[in-house]
Each structure stands twice: as structure tokens, then as C-alpha cells.
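The block underneath contains the structure these notes are about, expressed in C-alpha cells.
Every number here is computed from the coordinates shown, using simple stated rules; none is lab data. Computed from a predicted structure; not experimentally measured. Cβ atoms come from the backbone with ideal geometry, glycine included; neighbour counts cover every protein chain shown.
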Amino acid sequence: MSLSQSALRPFRVVSTAVVQWFDADYAPQGPEKMRQEPDRVDWVRCIPFIILHLGCLGVIWTGASPFAVWMAVGLYFVRMFAVTGIYHRYFSHKTYSTSRLGQFLLALWGGTTVQRGPLWWAYHHRHHHQHSDEAEDAHSPHVHGFWWSHIGWITSRRNFPTDYSTVRDLTKFPELVFLNRFDAIVPLAFAFGMFGLGHLLGAHAPGLHTNGWQMLVWGFFISTTFLFHGTSCINSMAHLMGKRRFKTEDDSRNSLILAFITLGEGWHNNHHRYMSATRNGFYWWEIDPTYYALKGLSWTGLIWGLKAVPKTVLAEGEIADHHASVAAAHRATQVHPEYATLRRVVPAAAAIAVATVNAAHGVKPLPPIGVHAQVTETQKPAGASPES
């Protein structure tokens, strides 16, 4: 490399990064070469994230109003659904179906999250499932550490290009490719929309005590920053905190706390066991607001074909929970020996009660039921007629 080329290299790197802010597919040396670069922070790539976080400090000048604060909270959850229910459960896993128009509208909704384009998001998530907690996993906390998995990986040049070969089911739609390539259009339009809304409310609804700048700070900067970190908790924390129901090949875990933060994505171990289901909370007690919202959307006809969790997977999880409960009870008796007496008293009391009832009524005792016995809706009582 000549001296003049060496002097121009920093300028080319910076200019390339700036152009990529507006054209995500711009790669003068080719996307494959970028993906082969070592992992390191690209500080020019960090500028948009720095601006996003610094924008939150605008509250010092704009102040707060109840309307602006609640708008920020509402937009957090509305757009968290766009991340979980659209980018994740539709574009990444196709756990339900929609029309081409519906798909485009969902992509626009997802674009307001400021988390790049739908194809880039789907590509990285599919890659994560293929290499979860392995060296190739771009955001595994076990491989790269907490902070890199939380935010660092997205600042690396090697993770910037979209590998379109992994999302061929989506690249056949040019409108999706356009939104993915120019992924700054929707976020910028959303930011201007927040400012315009605040300006209109300030002029026509002064009782709300808000204005354009306040709505920009609360509705865009603050809400989006919290949304980004809430989403990133799945990358950085869902493989570190929580319980493992299923024995997956990675260290994915289930966490009720993360489920609240991310509208149901906290049931990460469930998801890694069976990623094709529309719901991540496999059982009724596992809160999954994203699934409830998708179920509601299916009643409107916008989406359909929600995929269920196979009964075999549910049964596997129930068995795992049973063994975990037995193991926990055993550990409790080791720590608290006084609990062990219950193991003798309770079965004895139950046997006496059953014997008393049987003696009084002359009923033959029921045979013991196995731990894993299953009863399905298709089974009928013995001796029942075919019509019963």
C-alpha cells in the first residue's frame, strides 16, 4: 500500500460508515470481506447510538408532562411487540402467516423500533439459533462477555452487512429489500412524526402541556433507548439468568422477569427447544403478552395460521418440571431433615383414609397411577358406547 493510500484509508473508512447510515447495503469491498473482519468496536458506527442516548438528556430542557411520559411508556410496549411479534416471531421464524400487504405493513411497524431492517434482524437471529453459545454466535455472553453481547456486537463492522442468502424466503419481496437497505427511512419518519405530533398538541391541546421537542425526547429518544436495552436483555441475560426446563445444546434459560420486560421473550429456553411455535410461554401460567396480541390480530384477519406447540414438547416439559420438583424436595430434606418426617406421615395418613373409605363402601381400591400416565381427550371410559 502506497503512502497516499495509507493516508486516505481513514477517510475511506469514515466515509463508508457515514454512507452506510443511509444505505445499509453499501460495501465497496464487498459484504463478505466485512464479515471476515475481526470483532472490534467501530467508533464511527457508535455515533448513532451515542446520539440516541444523548438525546435522552434533552429532558433537562424540555421537562416532562404526564402525556409525554405515558406516550413513551405506551410506545415502548407497542414497539416491543413489533420486535417480538413481528421481527422475531414472523420474519425470523414465520410462526404465522399474512398477506403481502400485511407483511409490508408489519415491516413498517417493525422499522419504528430503530433496530435495523427486517431482513438484517431475521438473518442475525437465524444465525444465532444455528450457532447459539458457540464461537460463531455474534452475541453469546458465554463467548464474548456480557457487554459485548448486550451492545458491543452491533457496533462491529463484521455484523453490519445482511447475508441475504440466509433469508431467501424474504428477498423475493423487493419492498422488504428496499426497507432493509434504506433502514433509516422509517426511524427518521417516526422521529419527525413525534415532533409534529407534539407541535400539533401544543397548538391545539395546550391542556396536555407538551410540545414538539418534548414529544421528540420522550416519544423517540427515551422510549427507543429503553426499547433497545430491553431487547438486548435477551442477548445478554437470557443465557445467564433463569431456569432451564429443556436440555438444549446452548445455555438458554426461562425468566419471568425478562418475560415482563420483553412481552414474553423471557421464556427463552422454551423458544430454543421449539422455535416454530407462535407462543414462547408454552404453558398457561407463563405470561406471553406477544402471543395474546398475535391471537387478537388473528381475529381481525390480518394474520392467520398461528403455529401451536406440539404435544410431545409439552409432555417433555412437564416431565422435566416433575423431575425438577422431586429433586428440589430431595434437596430440601437434606438441608432440613425435619421435612423428611412428612414423607412418612403423609403417605401413611393417605393409606389409612383410603382404607377407611373402601371398608365403609365396599369399593375395590384403585390401581396405582404411574407418574407419567397421560389422558387425552380422545380416550373414553371403559365400557362406554361409541356415541358417548
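In table form, for the structure just shown:
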{"quantity": "Extension gain from V313 to L57, taking 0.36 nm per residue of separation minus the Cα-Cα distance", "calculated": "87.5 nm"}
{"quantity": "W61, W153 arranged by Cβ crowding within 10 Å, fewest neighbours leading", "calculated": "W61, W153"}
{"quantity": "With 20 Å bins from 0: P(r) over the range 3-309, alpha-carbon pairs, percent", "calculated": "31, 58, 10, 0"}
{"quantity": "Integer Hz, Karplus 6.51/-1.76/1.60 couplings in order for the range 275-286, x for Gly and Pro", "calculated": "7, 8, 7, 5, 9, 9, x, 5, 10, 4, 7, 8"}
{"quantity": "Amide N of the range 20-53 lying under 16 Å from the label point, which is placed 7 angstrom from the Cα of S165 along Cα→Cβ", "calculated": "30-37"}
{"quantity": "Peptides 224-231, 127-134 ordered by average Cβ neighbours within 10 Å, highest first", "calculated": "224-231, 127-134"}
{"quantity": "Rounded, prolate or oblate (a/c below 1.5 giving rounded, otherwise prolate when a/b exceeds b/c) for the range 38-127 by Cα gyration tensor", "calculated": "oblate"}
{"quantity": "Members of K33/K172; K94/K295; K247/K311; K94/K243 lying beyond 19 Å, as alpha-carbon distances in this model show", "calculated": "K33/K172; K94/K243"}
{"quantity": "Nearest-0.05 FRET efficiency for L197 and D321, computed from C-beta distance (R0 45 Å)", "calculated": "0.45"}
{"quantity": "Percent of Cα-Cα distances greater than 17 Å, calculated over the range 195-243", "calculated": "51"}
{"quantity": "Packing rank of 312-320, 116-124, 144-152, where each peptide gets the mean count of other beta carbons within 10 Å, highest leading", "calculated": "116-124, 144-152, 312-320"}
{"quantity": "Spin-label pair V14/C46, simplified geometry with 7 Å Cα→Cβ offset, distance in nm", "calculated": "1.6"}
